[in-house]
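Participant: One structure follows; several queries about it will come next.
Since every read-out is calculated from the coordinates, none of them should be taken as a lab result. Because the structure is a prediction, the values reported are computed rather than measured. Methodologically, a virtual Cβ is constructed for each residue, glycine included, from the backbone with ideal geometry; neighbour enumeration extends over all protein chains shown.
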Amino acid sequence: MRTLDSTTSLRIAVQKSGRLTDKTLNLLEGIGLKFDDYKRSLLVKCLNFDVELLLIRDDDIPEYVEDGVCDLGFVGANVVEEDQTDVSILRGLNYGVCRLSLAVPKNGDIQHIEDFNGKKIATSYPGITGRFFESKGIDVQVLTLSGSVEIAPRLEIADAISDLVSTGDTLKANGLVEIATIFESETQLIKTNKPLSNGKAELIGKILQRIEGYQKAAKSRYIMMNAPQESVPKIKEIIPSLKSPTVMPLADNGMVAIHTVIPISTFWDVMEQLEEAGATGIVMLPIESMIV
Ligand code: ATP
Ligand code: ZN
């Protein structure tokens, strides 16, 4: 076991190769961390911060963070919940969104949760699945499989499955229907509960703050438009702006350019109203990061 040493780098666990890998590395680069070629090594040094990445299987991440081998980790909530590891959850990150669902063969004899009594369920998540049925007082047999769980009913080795679903296409293709969600998941940033040096704690604070700015930026758009000067009061009413918009005179007589930031969720409503209010040449741009 590594001893606590303020000279060691902040070590962050990231899935080596899988659904979370690119999004996590993009996030880390998006908040300004620069890395050497991470395809070549399992331990990758950050070029501009005292940080290193450990690239491992996602199943190992919570335990490495719990033991303090890694200080931070990016991993699905489902993996943290499965083994109920002792780590702190710093933040939910809205990617890797999925749900652990119970699914059964279409037109079979299981329709409701109660029908599971005495049935056999195949899953890669025996912990979450077992605890779910225990809490309901329903007696099931859990068969642990490490992958391709959706084939189990067809092979007649299980009556139902408990598996991760995002679109539901895989279930459908295997003649299965979802009947209940037992856990909602997204990627989380987790932190060790082992003591950290002041330097590491400070660095974690900085990383968290940058992630917050990055997430806000992802939900916002910079919007620019031209409008007649007399439309400005009406446009100001329409824009649910974080701060007052920038209004600049244009060379064209009586016209102004208006720049502001809006939540992406309001964009289409706002755009239609702006056009009605006389705005033209409306342009929307993504924002890289935002400190508000
Ligand atoms: P590893 O080799 O690292 O063990 P894996 O095969 O267990 O990889 P992936 O399939 O890459 O893992 O999934 C990683 C995480 O992505 C899951 O734990 C889950 O949090 C999330 N995820 C999002 N959508 C899905 C989905 N439809 N199926 C499976 N996982 C999903
Ligand atoms: Zn895995």
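Participant: Step through the residues of the range 118-134 one at a time and calculate ³J(HN,Hα) from phi using the Karplus curve (6.51 cos²θ - 1.76 cosθ + 1.60, θ = phi - 60°), rounding each to whole Hz and writing x for Gly and Pro.
Facilitator: Each residue of the range 118-134 in turn: x, 8, 10, 10, 8, 6, 9, 10, x, x, 4, 5, x, 5, 4, 5, 4 Hz.
Participant: Based on the alpha-carbon gyration tensor of the range 98-184 and its eigenvalue square roots a ≥ b ≥ c, which shape applies: rounded if a/c is under 1.5, prolate if not and a/b is larger than b/c, or oblate?
Facilitator: rounded
Participant: How far is the Cα center of the range 215-292 from the Cα center of the range 125-192, in Å?
Facilitator: Measuring centre to centre over Cα atoms gives 45 Å.
Participant: Taking 0.36 nm per residue of separation and subtracting the Cα-Cα distance, what length does fully extending LYS136 through ILE157 add?
Facilitator: Here the answer is 5.2 nm.
Participant: Using the Cα centre of the chain as the reference point, and only Cβ charges (+1 on K/R, -1 on D/E), how large is the resulting charge dipole? Debye, rounded to the nearest 20.
Facilitator: So the dipole magnitude of the chain works out to roughly 700 debye.
Participant: At q = 0.14 Å⁻¹, work out log10 I(q)/I(0) for the range 219-286 with the Debye formula, treating every Cα as an identical point scatterer and leaving solvent out; two decimals please.
Facilitator: -0.34
Participant: Sort the following peptides by mean Cβ neighbour count (other Cβ atoms within 10 Å, averaged over residues), highest first: 8-14, 148-154.
Facilitator: 8-14, 148-154
Participant: Using modelled backbone amide H atoms (1.01 Å from N, in-plane), which distant-in-sequence or interchain residues come within less than 5 Å of PHE183's amide H?
Facilitator: The answer is LEU100.
Participant: Still on this model: How much of the DSSP bridge set in the chain is antiparallel, in percent, rounded to the nearest 5?
Facilitator: Approximately 75 percent, going by the DSSP bridge assignments.
Participant: Nearest 10 degrees, 0 to 90: what angle lies between the long axis of helix 21-30 and the longest principal axis of the chain (Cα atoms)?
Facilitator: Approximately 30 degrees, to the nearest 10.
Participant: Give the relative contact order (percent, whole number) for the chain; include only Cα pairs under 8 Å separated by 6+ residues.
Facilitator: 19
Participant: If the only charges are +1 at each Lys and Arg Cβ and -1 at each Asp and Glu Cβ, what is the size of the charge dipole of the range 141-292 around the Cα centre, to the nearest 20 debye?
Facilitator: That gives a dipole near 860 debye.
Participant: A further question on this structure: Percent relative contact order of the range 219-286, based on C-alpha pairs within less than 8 angstrom and at least six residues apart?
Facilitator: RCO, the range 219-286: 51 percent.
Participant: Decide, for the range 1-83, between rounded, prolate and oblate: order the square roots of the alpha carbon gyration tensor eigenvalues as a ≥ b ≥ c, take rounded if a/c falls under 1.5, and otherwise choose prolate if a/b is larger than b/c, else oblate.
Facilitator: oblate
Participant: For a test of the definition: using alpha carbon positions, the gyration tensor, and the 1.5 limit on a/c, classify the chain as rounded, prolate or oblate.
Facilitator: Oblate, since a/c reaches 1.5 and b/c is not below a/b.
Participant: Compute the angle between helix 267-276 and the longest alpha-carbon principal axis of the chain, please, reported from 0 to 90 degrees and rounded to the nearest 10.
Facilitator: Rounded to the nearest ten degrees, it is 30.
Participant: Given PRO245, ALA279, ASN226, which one lies farthest toward the positive end of the charge dipole of the range 219-286, if we put +1 on the Cβ of every Lys and Arg and -1 on the Cβ of every Asp and Glu?
Facilitator: The residue sitting farthest along the positive end of the dipole is PRO245.
Participant: A follow-up question, please. Tally the DSSP beta bridges in the range 76-175 and give the antiparallel ones as a percent, rounded to 5.
Facilitator: 40
Participant: What does the charge dipole of the range 98-184 about its Cα centre add up to, to the nearest 20 debye, if the Cβ of each Lys and Arg holds +1 and the Cβ of each Asp and Glu holds -1?
Facilitator: On the way: 8 positive and 12 negative charges, 21 e Å.
So the magnitude is around 100 debye.
Participant: Additional query: Please list the non-local residues whose amide H lies under 5 Å from the amide H of MET290, H modeled 1.01 Å from N, same-chain partners needing a gap of 5 or more.
Facilitator: Placed amide hydrogens put TYR214, ALA217 under 5 Å from MET290.
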